[in-house]
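The values are calculated or read from the model by the stated rules, or taken from the named source; none is laboratory data. In this text the structure is predicted, and so the values were computed from the model without any measurement. In this analysis, Cβ positions are derived from the backbone assuming ideal geometry, glycine residues included, and neighbour counts consider all displayed protein chains. The protein model used for the area step is the full one, side chains on, heavy atoms only, and it has no ligands, DNA or RNA in it. Shrake-Rupley method; radii C 1.70, N 1.55, O 1.52, S 1.80 Å.
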Amino acid sequence: MSRRAPGFVLLVLSFPLLMLGISAWKEADREAEVRAGQLRETAAATDPAERDRWASYAEYTLWRLEDAEYNRDMMLAGAGAGLLGGIVVLVTGGRRRDAELVRAAAAETAGAGAPPPPAFTACAACQWKISVAATACPQCGHPNVPVTAPVPGVAAGVVAGAPPVPAGRAQRMFYAALITLGLGSAVVIHTVLFGRLSETELVHISPYWIFPVVFGYYGLVAQRMEARLQDTHLDTVSDQLLSVIKETGLVGQVFAFLVHAPFLLVKSRQPWVTALVGSLIWAMALILFFGLVWPSL
């Protein structure tokens with residue numbers, strides 16, 4: 001699969017959010033007009049009972065207006081984040097692919113133009129032709145330093161099968177900080193602020209702490225999977241994770257598939273791309289759930 005595929009996935013998922021956000025925008029404008037009319041009727045009413053009735057209508061319309069504005073803001077924000085993330089993935093994926101093609105072409109050109117290493121050399125004492133791998137001259141017995149063939153897989157001082165280079169500590173700390181920030185925010189919201197927030201407000205702010213937790217967790221998992229790619233020779237971190245999941249039991253497989261479903265959709269070797277796209281997919285799913293499904297429950 002192309003390295004740009006995650007970018008196209010984000011762009012496709014962003015389109016329905018954008019359309020729903022525009023619809024919510026129009027609905028919020030309509031509710032604002034209705035409430036403005038109800039407030040005018042409340043101010044113009046001379047009968048106290050009628051004034052109270054129009055005031056109650058305006059209050060009920062205010063609730064609908066706030067819900068429409070929340071849906072508008074969240075869906076447009078999700079669509080904007082998805083579009084931005086898709087563009088970033090497309091641009092970086094294209095540049096990475098171009099760089100790989102340039103390196104491959106340069107290596108092929110260098111390999112084609114390089115002469116094969118000589119199989120024989122002259123003895124330093126008698127000038128007799130001997131094999132470069134010989135330890136001594138068969139003619140005069142003079143010692144020779146053998147030259148071994150280059151080891152396959154050696155490139156820039158790295159031998160194939162050698163332990164992988166540990167993932168950057170700064171990146172791990174960044175992902176861990178995101179998880180800590182998200183979980184810490186959830187604890188504060190559901191303990192210190194729990195009595196001050198309504199159920200609707202708790203639902204509305206939940207994506208703000210869920211997103212950094214998912215981003216950080218996916219980033220750490222993607223880094224661990226990337227470190228194993230050099231040994232397993234798989235193509236992407238999602239392929240590596242799928243291989244690990246298949247080794248677990250049935251219950252573990254079901255749970256892992258549910259937790260890492262967006263992760264498995266991203267075909268990239270870059271941990272940050274997998275973390276970004278996977279967490280954005282979760283964010284879009286939460287926005288759709290809290291904006292469309294939750295109000296009807």
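Extension gain, LEU39 to CYS140: 0.36 nm times the residue separation minus the Cα-Cα distance gives 25.1 nm.
Extension gain for SER198-ALA77 works out to 41.3 nm (0.36 nm per residue, less the C-alpha to C-alpha distance).
Computed over neighbours whose Cβ is under 15 Å from that of GLU201, the net charge equals -4, Lys and Arg +1, Asp and Glu -1. At an R0 of 51 angstrom, the distance between the Cβ atoms of LEU265 and LYS129 translates into a FRET efficiency of 0.25. Across SER279, SER185, the residue with the most accessible area heads the list, and the full order at a 1.4 Å probe is SER185, SER279. Taking all protein chains as they are arranged and a probe of 1.4 Å, the heavy atoms of LEU234 leave approximately 60 Å² accessible to solvent. Measuring r between the beta carbons of ILE87 and ALA55 and using R0 = 35 Å, the FRET efficiency lands at 0.15. Remark: spin-label model distance GLU66-ALA177 equals 3.4 nm, labels positioned 7 Å along the Cα→Cβ axis.
Quote to one decimal, in nm, the extra length available between MET19 and ALA32 on full extension: 0.36 nm per residue of separation minus the C-alpha distance between them.
2.7 nm
A 1.4 Å probe, protein heavy atoms only, puts the accessible area of ASP73 near 80 Å².
Sparse packing (at most 16 other Cβ atoms within 10 Å of the Cβ) combined with a DSSP loop state is found for the following GluC sites (Glu not before Pro) in the stretch 183-250: GLU247.
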